[in-house]
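Asker: Can you read through this structure? Questions will come right after.
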Amino acid sequence: MFVAIAAAVMTLSGKTVRRTLHIFNGTVPETETLAVGTMEFVYDYSYCVDTTRSIDEDVASDRMLLQIASGGMSKFSSYKNLTVDSIINMSTVDQVMEAASSGKLSNGDPLIIYKNYPDGKLTQVEKVCQDWFRYEEDTPTFDWEFTDSVANVLGYECRLAKCTFRGREWRAFYAEEIPVMDGPWKLQGLPGLIMKAEDSKGEYSFECIGIKSEASRPITLYKVPYNVTGRRKFYDAKYNYEINPYAYFEATTGGHVTVTDEAGNPSLDAYDPIDLQFDYIERDWRE
């Protein structure tokens, strides 16, 4: 059982620049435990959803959790989704669906990154509409350029390093006091935890806001039927969904989305593809 809410964002000229389809599922998939986390780091994650404008409403955000396990495995995922999963497991289906319909309960970012799972690989898991995608790649390498610049993040003196990775220039501040060669998203490979990172355009940013040096939360993986694919094919599917989410939903689920304007009349262009006004965090996906 799920709740689906359709919405569109338009410019002052009336042109549709973004469509959304918020789908909230009232159940949590089964999980398998891969490891037990020994340290946890919480990050504020912000990203621009419309680069044609600069107002606050065009910046989305989520709170993310980086779990570190012994042996080098880590998991980066939405802290909000962990909380929502716990609420769903403790509530009845009716309670969950009522909270979701009223806007009191919503999902966070569906992105999940596993580093060194399996060994020497990076695995990305992400839900697009109602489909779960999964792909593996060799652990990325980063050609970091070290600088003399420093900044204070969460009370730690952090040094600045720069690199270009998949179409974006990244600035990352790392804390040598925390000897973990990991960081948010896919970023890693510095002699200390990456506490803060931002691309040169300011479209994507991460900042550590909390540390738990001793943790015992399991690192889990959803046990769902995955569309096992490659990185670029995953982005193709994500792109096809975001330029035409209502049509994607109908084609992949057999369901139907009714879209109306403010007056309650059917929106005749709701199924027309639109041009995205932003680019993904990895800009090389079209190459």
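The values are calculated or read from the model by the stated rules, or taken from the named source; none is laboratory data. Small disclaimer: the values here were computed from a predicted structure and weren't measured. Note that each Cβ is placed from the backbone with ideal geometry, even for glycine, and that neighbours are counted across all protein chains shown. Side chains are part of the model used for accessible areas, which takes the heavy atoms of the whole protein and leaves out ligands, DNA and RNA. Shrake-Rupley method; radii C 1.70, N 1.55, O 1.52, S 1.80 Å.
Asker: Filter region 67-118 down to residues that are β-branched (V, I, T), in contact (Cβ under 8 Å) with a residue 40 or more places away in the chain and over 16 Å from T31 (Cα atoms), then give me how many there are.
Answerer: The number of residues fulfilling the criteria is 3.
Asker: Quick check: is even one residue across region 194-201 surrounded by fewer than 16 Cβ atoms within 10 Å (Cβ to Cβ), farther than 24 Å from S70 by Cβ and in contact with a helix residue (DSSP H, G or I) (Cβ under 8 Å, 6 or more places away or on another chain)? Explain how you work it out, then say what you get.
Answerer: Step one: filter region 194-201 for residues surrounded by fewer than 16 Cβ atoms within 10 Å (Cβ to Cβ), giving 200-201.
Okay, now just the ones that are also farther than 24 Å from S70 by Cβ, so 200-201.
Retained after the next criterion (residues that are in contact with a helix residue (DSSP H, G or I) (Cβ under 8 Å, 6 or more places away or on another chain)): none.
No, because not a single residue in region 194-201 is surrounded by fewer than 16 Cβ atoms within 10 Å (Cβ to Cβ), farther than 24 Å from S70 by Cβ and in contact with a helix residue (DSSP H, G or I) (Cβ under 8 Å, 6 or more places away or on another chain).
Asker: Anything in region 216-243 that is buried (at least 18 other Cβ atoms within 10 Å of the Cβ) and either farther than 23 Å from E287 by Cα or polar (S, T, N, Q) (or both)? List them, or say none.
Answerer: Correct list: I219, T220, L221.
Asker: Can you confirm whether region 158-174 contains a residue that is open to solvent by 60 Å² or more (accessible area, probe 1.4 Å) and either at pLDDT below 95 or part of a loop (DSSP other than H, G, I, E, B) (or both)? Let's see the steps before the verdict.
Answerer: Here is the first cut: in region 158-174, the residues open to solvent by 60 Å² or more (accessible area, probe 1.4 Å) are 159, 162, 164, 169, 171.
Now restrict to residues that are either at pLDDT below 95 or part of a loop (DSSP other than H, G, I, E, B) (or both): none.
No, the conditions are met nowhere in region 158-174.
Asker: Here's something else I'd like to know. Filter region 133-157 down to the residues that are more than 23 Å from I219 (Cβ to Cβ), without any contact (Cβ under 8 Å) to a residue 24 or more places away in the chain and open to solvent by 40 Å² or more (accessible area, probe 1.4 Å) and list them by number.
Answerer: Hits for region 133-157 are D143, E145, F146, D148, S149, V150, N152, G155, E157.
Asker: Continuing with this model, one more query. Limited to region 244-280, what total is found for residues that are in a helix (DSSP H, G or I) and either over 23 Å from V59 (Cα atoms) or open to solvent by 70 Å² or more (accessible area, probe 1.4 Å) (or both)? Steps first, please.
Answerer: If we filter region 244-280 for residues that are in a helix (DSSP H, G or I), which is where we start, we get 245-253.
Retained after the next criterion (residues that are either over 23 Å from V59 (Cα atoms) or open to solvent by 70 Å² or more (accessible area, probe 1.4 Å) (or both)): 247-253.
Adding up the residues that qualify gives 7.
Asker: Which members of region 101-132 meet the condition of being of a type in the set (S, T, N, Q) and surrounded by 16 or more Cβ atoms within 10 Å (Cβ to Cβ)? It would help to see each step written out before you state the result.
Answerer: Applying the first criterion (of a type in the set (S, T, N, Q)) to region 101-132 yields 101-102, 106-107, 116, 123-124, 130.
Within region 101-132, N107, N116, T123, Q124 qualify.
Asker: Quick check on region 30-51. Is at least one of its residues part of a loop (DSSP other than H, G, I, E, B) and modelled with pLDDT of 90 or more? Give the derivation first.
Answerer: Pass one, region 30-51, residues part of a loop (DSSP other than H, G, I, E, B): 30, 49-51.
Pick out the ones that are also modelled with pLDDT of 90 or more and you get 30.
Yes, that holds for at least one residue.
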